[in-house]
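Have a look at the structure below before the remarks.
We did not get these values from a lab; they are worked out from the coordinates using the rules stated. Worth saying up front: this structure is predicted, and the values here are computed from it rather than measured. In this analysis, Cβ positions are derived from the backbone assuming ideal geometry, glycine residues included, and neighbour counts consider all displayed protein chains.
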Amino acid sequence: MIERIWSGESKWYLLLLPLSWLYGLVSGIRRLGYRCGLLKSWRAPLPIVVVGNMTAGGNGKTPVVIWLVENLQQQGIKVGVVSRGYGGKAERYPLVLEQTTTTDMAGDEPVLIFQRTGAPVAVAPDRASAVKALLSQYPLDVIITDDGLQHYALQRDIELVVIDGVRRFGNGWWLPAGPMRERAGRLASVDAIITNGGLAHRNEIPMVLKPGEAINLVSGERKAVTDLKHIVAMAGIGHPPRFFQTLASLNIVPEQTHAFADHQPYSESLLSPLANAGQVLLMTEKDAVKCRSFAAQNWWYLPVDAELPTDDGLNLLGLILAKIPQKNS
């Protein structure tokens, strides 16, 4: 229902407009307070790159963060990552991730980024404290914040916005009548707009999510996802249909599909009934980081990687490298 309201297909959004106006008023006053210095913000001693979005729901930020981290690491840059850690409940914050850190503690995206890249990752509702925690333990050149475009308590040097190229901005209204955290005019002040799927508009960087090989959660075996038979697909991400569309693009027709809420907690009792012994339960990598401790032999996940045009990718990296003093000489 909420998708129909936010897309403009349903007129029920009109009833929510007063709440949206209140949301817009409060967020606008808050942002003005930071700009005028009435609310305090913290400037880190190294460049901060925000990878955020304008709308609620999954737009593909985490694959972009991973792409940036891996490409910067290849150039010898020491990268750290901070996140709100949504969905996790740590005993104390900031929490610097370790190999034993679970998604219950840190949230699924931070654990995924940590496992994929090996970069230092810290989570905290106050992202400035997460940055300070990383700097107290690691010598870093730059920090990327996964989400946090609207977290103005942390000053930033570069703002990158990821948008869903298919859904874009829906009906254009603030939450809850629409999907917007900020109105589209905010895009005029960011450094780059990355469009995930769909048709990129002028001055937007097109991005696609390229699936890799399927990986078994228990054995680590890898094989082409098209070699898997009798697939039952599940996704608990911001927009589950995107995962199912990815499978469709590979001419894979699952016997069943199951969509869960973003950051859905999983258990063996919840997932085991989804696929019998003769089927394969195929999930996203974001789901997999929450399931490894109780996974069955027939559970697989499909990782995806952000893919950007070469020149656009080099320009993005150049923006960041230009902010790192020792790399700008």
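Worth a mention:
- Top positive-direction residue, dipole computed over the chain with Cβ charges, set Val49, Ala124, Leu22: Leu22
- Values of log10 I(q)/I(0), in the order q = 0.18, 0.20, 0.24 Å⁻¹, for the stretch 21-123 under a Debye, Cα-only, solvent-free model: -1.02, -1.14, -1.27
- In summary, the helical segments of the chain meeting the span-like criteria, namely a full DSSP H run, a Cα extent along the axis of 15 angstrom or more and a mean Kyte-Doolittle hydropathy of at least 0.5, are 13-36, 310-321.
- Value in Å of the Kirkwood radius, where the stretch 269-329 supplies the Cα pairs that are averaged: 15.1 Å
- A compact globular protein would have a Cα radius of gyration near 2.2 N^0.38 Å; the ratio found for the stretch 141-271 is 1.29.
- Contact order relative to length of the chain, as percent, for alpha carbon pairs under 8 angstrom and 6 or more apart: 20 percent
- With N counted as the residues of the stretch 50-209, its alpha-carbon radius of gyration over 2.2 N^0.38 Å works out to 1.03.
- Derived from the Cα gyration tensor, the three semi-axes of the equivalent ellipsoid of the stretch 102-187 are 28, 16, 13 Å, largest first.
- Counting only Cβ charges, +1 for Lys and Arg and -1 for Asp and Glu, the dipole size of the stretch 7-153 around its Cα centre is about 600 debye.
- Working from the Cα coordinates of the stretch 1-77, the gyration tensor eigenvalues give, after taking √(5λ), semi-axes of 33, 24, 5 Å in decreasing order.
- Most to least packed among 86-93, 225-232 [average Cβ atoms within 10 Å]: 225-232, 86-93
- Plainly put, the stretch 160-220 has a radius of gyration that is 1.15 times its Kirkwood radius, both from alpha-carbon atoms, as the Rg/Rh ratio.
- Shown for the chain: lysine pairs separated by 8 or more places, or found on different chains, whose C-alpha atoms are under 21 Å apart, numbering 16.
- Shown is the FRET efficiency for Gln99 and Lys11, computed with R0 = 51 Å from the Cβ-Cβ distance and rounded to the nearest 0.05: 0.50.
- Over the stretch 1-156, relative contact order from alpha-carbon pairs under 8 Å, at least 6 apart, %: 32 percent
- Ranked by the mean number of other Cβ atoms within 10 Å of their residues, highest first, the peptides 47-59, 198-210 come out as 47-59, 198-210.
- Only Lys, Arg (+1) and Asp, Glu (-1) charged, at Cβ; the chain dipole about Cα centre in debye: 1000 debye
- Spacing of the modelled spin labels on Asn251 and Leu199, each 7 Å from Cα toward Cβ, amounts to 2.7 nm.
- Note on the chain: along the principal axes its Cα atoms extend 62, 51, 44 Å, ordered by decreasing extent.
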